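The next block holds one structure in the form of structure tokens; read it before the comments.
The values are calculated or read from the model by the stated rules, or taken from the named source; none is laboratory data. Model, not experiment: these values are computed from the prediction. Here the Cβ positions follow ideal geometry from the backbone for every residue, glycine too, while neighbour counts run over all protein chains shown. For accessibility, only protein heavy atoms count, side chains too; no ligands or nucleic acids. Shrake-Rupley method; radii C 1.70, N 1.55, O 1.52, S 1.80 Å.
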Amino acid sequence: MPQKSPVQPKKHLGQHFLTDLNIAQQIAQTLSLCGYKQVLEIGPGTGVLTQFLLEKDAEVFVIEIDKESVAYLQAYFPKLKGHILCEDFLKFDIVSYFNKTPFAIIGNFPYNISSQIVFKLLEIRFFVPEFAGMFQKEVAERICERPGSKSYGILSVLTQAFYETEYLFTVPEHVFNPPPKVKSGVIRLKRKEDYTLACDEKMFFSVVKTAFGQRRKTLRNSLKSFLLERDSLKAEPLFDKRPEMLSVSEFITLTQWLSAPNS
């Protein structure tokens, strides 16, 4: 067990260090270790979660942008020797680093880049069968939300197109240093067996983002640019709905229609 850390959380990095060991242990236990042996922790800070990951039958790597935290991890976690990356996860080619072998991602994610982390996950999903960790509660709920809710949006549809999403538990503010102004939520994503889409993927992303960009409008209005000169589609009742009413499969159907040659 490492000594009490002299590293102070840095506001500009969005750091809120978890102080509750029981919660850290619970987060570590969310990983199944099925179908992979390597685990990447994003933003380990002073290793509160890392210490429990190192107890698992897995090869643990960490990626941390804060040089002070990296120095602390090097000093007090000898098991991490050669497995500490002082890099920005959003910019680093992590797939090449792992030589295109499967790995899980876990972490207490900085709130200021948490959505960007999910979008990068979707880009590299072919190599990430499992993803778990802590987000701002509102973001965690949005990722796992189902159609019909005001929270259901771009993150919900795009993530659920490729992963089974599960909201696990809520974490209160007082177990962090410094305490954030909001509650946190822990989620787990397990990649679907079939994680390719039955439609043009680039078009799917574009349709979903465009639809939710004007979420108060019906799809007939928000997707007007896609519907130009497509008279055969204009009477489809699906276009009378607002985007939050559509399931992932309906967005796939919509994309199939919009990307088909105009008859």
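Points worth noting:
- Candidates are the residues of segment 231-259 that are open to solvent by less than 40 Å² (accessible area, probe 1.4 Å) and outside any helix (DSSP H, G or I); the one that is nearest to Ile143 (Cα to Cα) is Ser247.
- Some residue of segment 78-87 being modelled with pLDDT of 95 or more, under 27 Å from His174 (Cα atoms) and out of contact with any Pro (no Cβ under 8 Å at 6 or more places or on another chain): no
- Residues that are modelled with pLDDT of 95 or more, of a type in the set (Gly, Ala, Ser) and within 12 Å of the chain's Cα centre (by Cα) occur at least once in segment 89-107.
- Glu166 meets the conditions (1) crowded, with 19+ Cβ neighbours inside 10 Å; (2) outside any helix (DSSP H, G or I); (3) in contact with a Cys (Cβ under 9 Å, 6 or more places away or on another chain) in every case but one. The failed one is (1).
- Segment 140-151, subset in contact (Cβ under 8 Å) with a residue 12 or more places away in the chain and in a loop (DSSP other than H, G, I, E, B), residue surrounded by the fewest Cβ atoms within 10 Å (Cβ to Cβ): Lys150
- Strands (runs of 3 or more DSSP E) lying entirely in segment 3-118 (those with 1 or more residues that are touching a residue at least 60 places away in the same chain (Cβ under 8 Å), at negative phi and surrounded by 16 or more Cβ atoms within 10 Å (Cβ to Cβ)): 38-42, 103-108
- Flag set for Ser247, criterion: of a type in the set (Gly, Ala, Ser), out of contact with any strand residue (DSSP E or B) (no Cβ under 6 Å at 6 or more places or on another chain), touching a residue at least 60 places away in the same chain (Cβ under 8 Å) and within 26 Å of Lys150 (Cβ to Cβ).
- Residues of segment 206-230 satisfying the condition of being open to solvent by 40 Å² or more (accessible area, probe 1.4 Å) and either of a type in the set (Gly, Ala, Ser) or touching a residue at least 40 places away in the same chain (Cβ under 8 Å) (or both): Ser206, Lys209, Gly213, Arg215, Ser225
- Residue tally, condition out of contact with any Phe, Trp or Tyr (no Cβ under 9 Å at 6 or more places or on another chain) and open to solvent by less than 50 Å² (accessible area, probe 1.4 Å), over segment 174-192: 1
- Ile154 being in contact (Cβ under 8 Å) with a residue 12 or more places away in the chain, open to solvent by less than 80 Å² (accessible area, probe 1.4 Å), within 25 Å of Asn22 (Cα to Cα) and in contact with a helix residue (DSSP H, G or I) (Cβ under 7 Å, 6 or more places away or on another chain): no
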